[in-house]
Amino acid sequence: MQKHDQDYIKRKNRATVFEMIKNNPPLSRAEIARLTGMSPTTISRIVSDLFHLDFMHEIEQETSSVGRKAVLLQVNPRSVLSVGVEIDKTMIRIGVIDLDGRVIGSRTIERQKNEAAEATLGNIAAGINELIEAEDFDRRRIVGIGVGLPGIIDYASGTAVLSAQLGWKQTDIAGILKKLTGLEVAVDNELKVKSLAEHMYGAAKGSSRSVLIGFGSGVGSSLIIDGEIYRGESNSAGEIGHTVVDPGGILCECGKVGCLQTYIAEASLLEQSNKIKPIANLDELFQARRDGEFWAASIIDRAMTFIAVTISNIACMYNPDTVILTGKLVERFSEVREFIADKCMDQFVWEPLRGTFQIVYSAFENDGVVIGSGLLAQSRFLDISSQMEQVELIDN
Ligand SMILES: [Zn+2]
């Protein structure tokens with residue numbers, strides 16, 4: 001066999017063993033051999049390398065028969081790390097994420113409204129470096145950076161094609177951040193990474209067909225099929241905020257008339273409210289409804305109706321097993337949750353689809369984008385052999 005063929009097989013086997021233990025912990029060496037079909041000698045060599053470089057832990061477990069102890073292996077969650085970044089209009093969140101999707105260190109940086117991309121990305125790079133040094137994270141263990149932001153993102157190149165919320169157009173986020181940090185960078189839409197976090201470790205764990213719907217500054221969704229984010233032709237699948245629900249309706253920020261988000265998005269609700277009374281935020285709008293103000297009730301009731309309609313439309317389109325709701329409107333106001341619990345399934349969802357899916361709420365709320373971005377970087381950049389070489393030059 002050629003040297004590079006041997007090397008290829010070795011790398012492939014290591015990846016298989018590492019994934020197997022990561023996804024089915026804890027496992028004995030014998031079980032790994034049985035599940036992968038590799039020889040016990042091969043398993044023992046790979047495991048010993050992984051163990052030596054601290055990628056694995058051994059635990060002892062009592063077996064059922066006469067008090068014998070079995071030695072089982074599990075992955076050390078801190079042996080591979082990534083950085084997750086959320087860029088929002090006025091805020092940047094940075095987190096170091098471990099293999100179990102836990103945030104093990106974080107920073108929040110303010111962002112000036114309409115700050116230029118170069119300035120924001122410079123602050124992010126500085127923030128990442130500061131976080132790594134201050135909390136003494138092992139740089140060699142970091143596989144890359146994931147970034148989540150609102151807008152249309154070219155996933156392959158890591159470019160923000162258009163982010164209306166940030167005021168960015170054709171911004172090479174991956175290129176700039178890689179230059180500043182020396183780390184690999186993956187970029188995606190914020191709801192897509194959030195849905196990944198919920199699928200892997202949150203509200204949709206174990207689901208094979210889940211849709212996350214975000215009701216926040218805009219309205220959007222992300223579909224995960226068998227563990228994969230469904231992107232569509234240009235990574236725009238799920239942009240339901242601009243589906244037209246009333247061709248004779250209200251003018252949307254996108255220039256069209258009657259888009260779904262003109263009935264639900266925060267800015268739109270505030271704009272409609274301010275035609276009647278000065279209202280600064282959603283809290284004031286909901287307070288007005290609680291105080292019995294008819295106009296506030298009518299704006300909120302219409303928004304809740306459109307939320308239920310959206311859930312029903314999504315169910316018809318994708319036939320998911322789980323719908324995850326997220327965003328300020330559903331997370332902060334109990335009225336909205338009660339409306340969905342009482343009325344959505346019974347009054348809005350088409351009868352054959354009733355009860356075929358569960359409606360759940362985000363398990364991560366504010367951390368979701370940071371966690372999902374970090375997990376995205378791990379899934380795209382983790383190559384266990386390269387990681388091993390980076391931690392210590394091992395004998396090939
Ligand atoms: Zn629109």
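If you go through the stretch 272-294 and pick out every residue that is under 21 Å from K328 (Cα atoms) and surrounded by 14 or more Cβ atoms within 10 Å (Cβ to Cβ), you end up with 9.
Taken residue by residue, the stretch 334-341 has at least one member that is surrounded by fewer than 18 Cβ atoms within 10 Å (Cβ to Cβ), among the small types (G, A, S) and at pLDDT 95 or above. Out of I124, I104, I97, I128, which single residue is of a type in the set (A, V, I, L, M, F, W, C), surrounded by fewer than 17 Cβ atoms within 10 Å (Cβ to Cβ) and under 18 Å from R139 (Cβ atoms)? Exactly one residue qualifies, and that residue is I104.
With respect to (1) under 30 Å from T159 (Cα atoms); (2) surrounded by fewer than 18 Cβ atoms within 10 Å (Cβ to Cβ); (3) out of contact with any strand residue (DSSP E or B) (no Cβ under 8 Å at 6 or more places or on another chain), the lone exception for D5 is condition (1). Consider the stretch 312-329 and keep the residues that are surrounded by 21 or more Cβ atoms within 10 Å (Cβ to Cβ) and closer than 20 Å to L269 by Cβ. The one that is farthest from the chain's Cα centre (by Cα) is L329. Note on the stretch 241-265: among residues that are surrounded by fewer than 16 Cβ atoms within 10 Å (Cβ to Cβ) and among the aliphatic types (A, V, I, L, M), the one that is farthest from D154 (Cα to Cα) is I250. Scanning the stretch 255-308 for residues that are over 29 Å from the mean Cα position of the chain (by Cα), among the β-branched types (V, I, T) and either within 16 Å of the ligand (Cβ to nearest atom) or not in a helix (DSSP H, G or I) (or both) returns V257, I276, I279. The set of residues in the stretch 125-184 that are of a type in the set (S, T, Y) and not in a strand (DSSP E or B) comprises Y155, S157, T181. In the stretch 204-219, which residue that is small (G, A, S) and buried (at least 24 other Cβ atoms within 10 Å of the Cβ) is farthest from the chain's Cα centre (by Cα)? Filtering the stretch 204-219 for residues that are small (G, A, S) and buried (at least 24 other Cβ atoms within 10 Å of the Cβ), the one farthest from the chain's Cα centre (by Cα) comes out as G218.
Yes or no: the stretch 231-240 includes at least one residue that is in contact (Cβ under 8 Å) with a residue 24 or more places away in the chain, surrounded by 13 or more Cβ atoms within 10 Å (Cβ to Cβ), within 16 Å of the ligand (Cβ to nearest atom) and on the phi > 0 side of the Ramachandran plot.
Yes: the stretch 231-240 contains one or more residues that are in contact (Cβ under 8 Å) with a residue 24 or more places away in the chain, surrounded by 13 or more Cβ atoms within 10 Å (Cβ to Cβ), within 16 Å of the ligand (Cβ to nearest atom) and on the phi > 0 side of the Ramachandran plot.
Per the conditions (1) in contact (Cβ under 8 Å) with a residue 24 or more places away in the chain; (2) out of contact with any Lys or Arg (no Cβ under 9 Å at 6 or more places or on another chain); (3) away from the ligand (no atom under 16 Å from the Cβ); (4) assigned to a loop (DSSP other than H, G, I, E, B), the sole criterion not satisfied by I213 is (4). Annotation: of all residues in the stretch 140-197 being basic (K, R), in contact (Cβ under 8 Å) with a residue 40 or more places away in the chain and buried (at least 17 other Cβ atoms within 10 Å of the Cβ), the one that is nearest to M388 (Cα to Cα) is R141. Return a yes/no flag: does the stretch 362-371 have any residue that is more than 26 Å from the chain's Cα centre (by Cα) and either within 23 Å of H242 (Cα to Cα) or surrounded by fewer than 21 Cβ atoms within 10 Å (Cβ to Cβ) (or both). Among the residues of the stretch 362-371, not one is more than 26 Å from the chain's Cα centre (by Cα) and either within 23 Å of H242 (Cα to Cα) or surrounded by fewer than 21 Cβ atoms within 10 Å (Cβ to Cβ) (or both), which makes the answer no. Can you say whether A297 is surrounded by 13 or more Cβ atoms within 10 Å (Cβ to Cβ), free of Cβ contacts under 8 Å to residues at least 12 places away in the same chain and either assigned by TED's automatic domain parsing to the domain that holds S222 or not aromatic (F, W, Y) (or both), as far as the supplied structure shows? So A297 passes the test.
The values are calculated or read from the model by the stated rules, or taken from the named source; none is laboratory data. Since we're looking at a predicted model, the values are computed, not measured. Here Cβ is always computed from backbone atoms with ideal geometry, including for glycine, and neighbour counts include all displayed protein chains.
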